[in-house]
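Engineer: A single structure is presented below for examination.
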Amino acid sequence: MNTHQLVDPFGRRITYLRLSVTDRCDFRCTYCMSEDMQFAPRAQILSLEELYAVADAFIGLGVRRIRITGGEPLVRKNLLSLLQRLGERDELDDLAITTNGSQLAEMAAPLRAAGVRRLNISLDSLQRERFAAFTRRDKLAQVLAGIDAARVAGFDRIKLNSVVQSGRNDDEVLDLVEFAIERGLDISFIEEMPLGSVVSHSREQTFCSSDEVRQRIEQRHALVRSSKVTGGPSRYWQVVGTQTQVGFISPHSHNFCGDCNRVRVTAEGKLVLCLGHDNALDLKRLLRAHPGDGERLRQALIEALRLKPERHHFATDEQVQVVRFMSMTGG
């Protein structure tokens, strides 16, 4: 089978798939979903067999990195069976998960045994009340215990993800960096993306640029550019004298579209070619109309890539530029 056939009109080779296994989550983070989210009926969610079929098609076309996302992926029933199958695929250079950490105290060791190599763990605050305000759940202690369990389980690199908002948690940037340094973790700071309508805050007023965050860190720590490449949008800096690298995901201030190498598949089977566009291809319809037809699925993916846009056009004003919430897309 020919590989590396997923090339978009701008010559970018797609080698990285973000595969959502559920739109459900045990948190309700204010920038990710509403408190009264309406989740998709279970019949509309891809089965584990269908998710594997999608992953298998992408692997056959040259994808070498898969990140499992949600919602919160670890609330998906029997997820380990899918991970074990993917963990056995020698073609993959990387199998990773993005998680809120709430289930890691029990799940970290089984995930590592299944073949998951890296974890991204969301952590926007180290203050209990503020964490509860961000997530609408009072579970900071549970997440911190999950981070400790992940460290013990021996993942290659553990990275924290923090969405920074001015006036809400930007005063914790240095505390979060120190937390990462003390534990030998990496950390990425993320500019909030305009996905879904929020009522908890004004995105225009809370926007905090990556440059501002980096300046705060450099008040205490020297940073040098890192050569680290993970296949994602983070741009990394090494904290001098430590094992920690700090990443910046900057969809507004430093557009990262030029070297985009990734696509997303939602839990409902929609192929999202760009995070900043609503257009999507319904893979579920194809999967269920032609079960087991891997060649038809691969051909559909190749043809879909011809429609991948050059870039997103995010802005920091109050306009909702993409209707779906991040939890519906897959992180």
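Engineer: Output the number of residues of region 258-269 satisfying the condition of being surrounded by fewer than 21 Cβ atoms within 10 Å (Cβ to Cβ) and touching a helix residue (DSSP H, G or I) at 6+ places or on another chain (Cβ under 7 Å). Lay out the reasoning, then the answer.
Structural biologist: Going residue by residue through region 258-269, those that are surrounded by fewer than 21 Cβ atoms within 10 Å (Cβ to Cβ) are 258-259, 261-262, 268.
Then keep just the ones that are touching a helix residue (DSSP H, G or I) at 6+ places or on another chain (Cβ under 7 Å); that gives 268.
Summing the residues that are surrounded by fewer than 21 Cβ atoms within 10 Å (Cβ to Cβ) and touching a helix residue (DSSP H, G or I) at 6+ places or on another chain (Cβ under 7 Å) in region 258-269 gives 1.
Engineer: Moving on to the next point. Need pairs with beta-carbon distance below 9 Å; first residue under 16 Å from residue 129 (Cα atoms) and part of a helix (DSSP H, G or I) and within region 157-173, second open to solvent by 40 Å² or more (accessible area, probe 1.4 Å) and among the hydrophobic types (A, V, I, L, M, F, W, C); sequence gap 6+ or separate chains.
Structural biologist: 172/126
Engineer: Taking into account only those residues within region 214-243 that are closer than 30 Å to residue 263 by Cβ and of a type in the set (Ser, Thr, Tyr), which is most open to solvent (accessible area, probe 1.4 Å)? Walk me through how you get there before you give the answer.
Structural biologist: Going through region 214-243, the residues closer than 30 Å to residue 263 by Cβ turn out to be 214, 225-238.
Those still in the list that are of a type in the set (Ser, Thr, Tyr) too: 226-227, 230, 234, 236.
Working: 226: 35, 227: 112, 230: 23, 234: 13, 236: 10 Å².
The qualifying residue most open to solvent (accessible area, probe 1.4 Å) is 227.
Engineer: Exactly one condition in (1) at pLDDT 95 or above; (2) not in a helix (DSSP H, G or I) is not met by residue 181; state its number.
Structural biologist: Tallying (1) at pLDDT 95 or above; (2) not in a helix (DSSP H, G or I), residue 181 fails exactly one: (2).
Engineer: Failed condition for residue 90, given (1) open to solvent by less than 50 Å² (accessible area, probe 1.4 Å); (2) within 16 Å of residue 52 (Cα to Cα); (3) of a type in the set (D, E, K, R), with all others met?
Structural biologist: (1)
Engineer: Considering only region 96-153, state which residues are among the aliphatic types (A, V, I, L, M), open to solvent by 20 Å² or more (accessible area, probe 1.4 Å), more than 21 Å from residue 82 (Cα to Cα) and part of a helix (DSSP H, G or I).
Structural biologist: Step one: filter region 96-153 for residues among the aliphatic types (A, V, I, L, M), giving 96-97, 104-105, 107-109, 111, 113-114, 116, 119, 121, 123, 126, 132-133, 140-141, 143-145, 147, 149-150, 152-153.
Add one more test, that the residue is open to solvent by 20 Å² or more (accessible area, probe 1.4 Å), and what stays is 105, 107, 109, 113, 126, 132-133, 141, 144-145, 149, 152-153.
Adding the requirement that they be more than 21 Å from residue 82 (Cα to Cα) leaves 126, 132-133, 141, 144-145, 149, 152.
Result: 132, 133, 141, 144, 145, 149, 152.
Engineer: Now for a separate question. Scanning for something closer than 22 Å to residue 65 by Cβ, surrounded by fewer than 20 Cβ atoms within 10 Å (Cβ to Cβ), of a type in the set (Ser, Thr, Tyr) and modelled with pLDDT under 95, does region 197-204 turn up at least one residue? Lay out the reasoning, then the answer.
Structural biologist: Looking only at region 197-204, we keep the residues that are closer than 22 Å to residue 65 by Cβ, and these are none.
So far as region 197-204 goes, no, none of its residues is closer than 22 Å to residue 65 by Cβ, surrounded by fewer than 20 Cβ atoms within 10 Å (Cβ to Cβ), of a type in the set (Ser, Thr, Tyr) and modelled with pLDDT under 95.
Engineer: I'd like to check something: does region 10-26 contain any residue that is modelled with pLDDT under 95, touching a helix residue (DSSP H, G or I) at 6+ places or on another chain (Cβ under 8 Å), open to solvent by less than 10 Å² (accessible area, probe 1.4 Å) and at negative phi?
Structural biologist: The answer is yes; a qualifying residue exists.
Matching residues to (1) within 19 Å of the chain's Cα centre (by Cα); (2) surrounded by 19 or more Cβ atoms within 10 Å (Cβ to Cβ); (3) of a type in the set (A, V, I, L, M):
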{"position": "31", "(1), (2), (3)": "yes, yes, no"}
{"position": "36", "(1), (2), (3)": "no, no, no"}
{"position": "46", "(1), (2), (3)": "yes, yes, yes"}
{"position": "51", "(1), (2), (3)": "yes, yes, yes"}
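Engineer: Only one of these is polar (S, T, N, Q) and touching a Phe, Trp or Tyr at 6+ places or on another chain (Cβ under 8 Å): 120, 100, 78. Name it. Write out each step before concluding.
Structural biologist: Working: 120 fails: touching a Phe, Trp or Tyr at 6+ places or on another chain (Cβ under 8 Å); 78 fails: touching a Phe, Trp or Tyr at 6+ places or on another chain (Cβ under 8 Å).
It is 100.
Engineer: What is the one condition in (1) of a type outside the set (S, T, N, Q); (2) closer than 23 Å to residue 291 by Cα; (3) out of contact with any Asp or Glu (no Cβ under 8 Å at 6 or more places or on another chain) that residue 74 does not satisfy?
Structural biologist: That leaves (2) as the condition not met.
Engineer: With the requirement that a residue be open to solvent by 20 Å² or more (accessible area, probe 1.4 Å), within 21 Å of residue 44 (Cβ to Cβ) and at pLDDT below 90, what does region 276-331 give you?
Structural biologist: 278, 279, 280, 323, 324, 325, 326, 328, 331
The values are calculated or read from the model by the stated rules, or taken from the named source; none is laboratory data. A quick note: this is a predicted structure, and the numbers were derived from the prediction, not measured. Quick reminder, even Gly has a Cβ in these numbers, built from the backbone with ideal geometry, and neighbours come from all protein chains shown. We work out accessible area using only protein heavy atoms, side chains counted, and drop any ligands, DNA or RNA first. Shrake-Rupley method; radii C 1.70, N 1.55, O 1.52, S 1.80 Å.
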